[in-house]
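Asker: Here it is: the structure, laid out below.
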Amino acid sequence: QVQLVESGGGLVQAGGSLRLSCTASGLTFSLYAMGWFRQAPGKEREFVAAISQSGVSTGYADSVKGRFTISRTNPKNTVYLQMNTLKPEDTAVYYCGAGTLRTADASGYEHWGQGTQVTVSS
């Protein structure tokens, strides 16, 4: 009954911004760390950002540090990924995951959304 639904993806030009949202249901949201991962064609799923249950602790991949910001609003059961200064190499399907710990390891997340496509043109 756990469901994570991502939204906010789309097509943008390089240098533009997008804000992704992931809304969870069927779980006690505040008990889960949340992460964003992405997968480009022909590549493995890679870590983007993660946030602890309380939102106090965050972590980012070096490739997005300074450009992306992860946040969460527990009363709304929603985690966000604000993406600024987008680059063509950011093009991927972006997935949110819920897990016990804030980690960059995809195996640490037990629930996943279906993903949302982000395409950055140049």
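Asker: Any idea which residue in region 36-56 is nearest to the chain's Cα centre (by Cα), counting only those that are among the basic types (K, R) and open to solvent by 60 Å² or more (accessible area, probe 1.4 Å)?
Answerer: Once the filter is applied, the top-ranked residue is R45.
Asker: Only residues that are open to solvent by 60 Å² or more (accessible area, probe 1.4 Å) and either touching a Ser or Thr at 6+ places or on another chain (Cβ under 8 Å) or within 17 Å of S54 (Cβ to Cβ) (or both): list them for region 88-111, please.
Answerer: E89, T100, L101, R102, E110
Asker: Here's a follow-up. Can we say K65 is among the basic types (K, R), in a loop (DSSP other than H, G, I, E, B) and within 15 Å of Y94 (Cβ to Cβ)?
Answerer: So K65 fails the test.
Asker: Something else about it: Could you please find all residues in region 22-81 being free of Cβ contacts under 8 Å to residues at least 24 places away in the same chain and among the aliphatic types (A, V, I, L, M)?
Answerer: Listed by number, the residues that qualify are L31, V56.
Asker: Among the residues of region 57-78, are any closer than 12 Å to E6 by Cβ and either open to solvent by less than 40 Å² (accessible area, probe 1.4 Å) or more than 10 Å from the chain's Cα centre (by Cα) (or both)?
Answerer: yes
Asker: What pairs can you find where one residue is in region 99-118 and farther than 14 Å from V79 by Cα and among the charged types (D, E, K, R), the other is assigned to a strand (DSSP E or B) and open to solvent by less than 40 Å² (accessible area, probe 1.4 Å), and their Cβ atoms are less than 6 Å apart, with a gap of 6+ or different chains?
Answerer: E110/G99
The values are calculated or read from the model by the stated rules, or taken from the named source; none is laboratory data. Treat the numbers as computed from the prediction; the structure is a model and nothing was measured. Here the Cβ is made from the backbone with ideal geometry for all residues, glycine too, and neighbour counts use every protein chain on show. Accessible surface areas use protein heavy atoms only, side chains included; no ligands, DNA or RNA. Shrake-Rupley method; radii C 1.70, N 1.55, O 1.52, S 1.80 Å.
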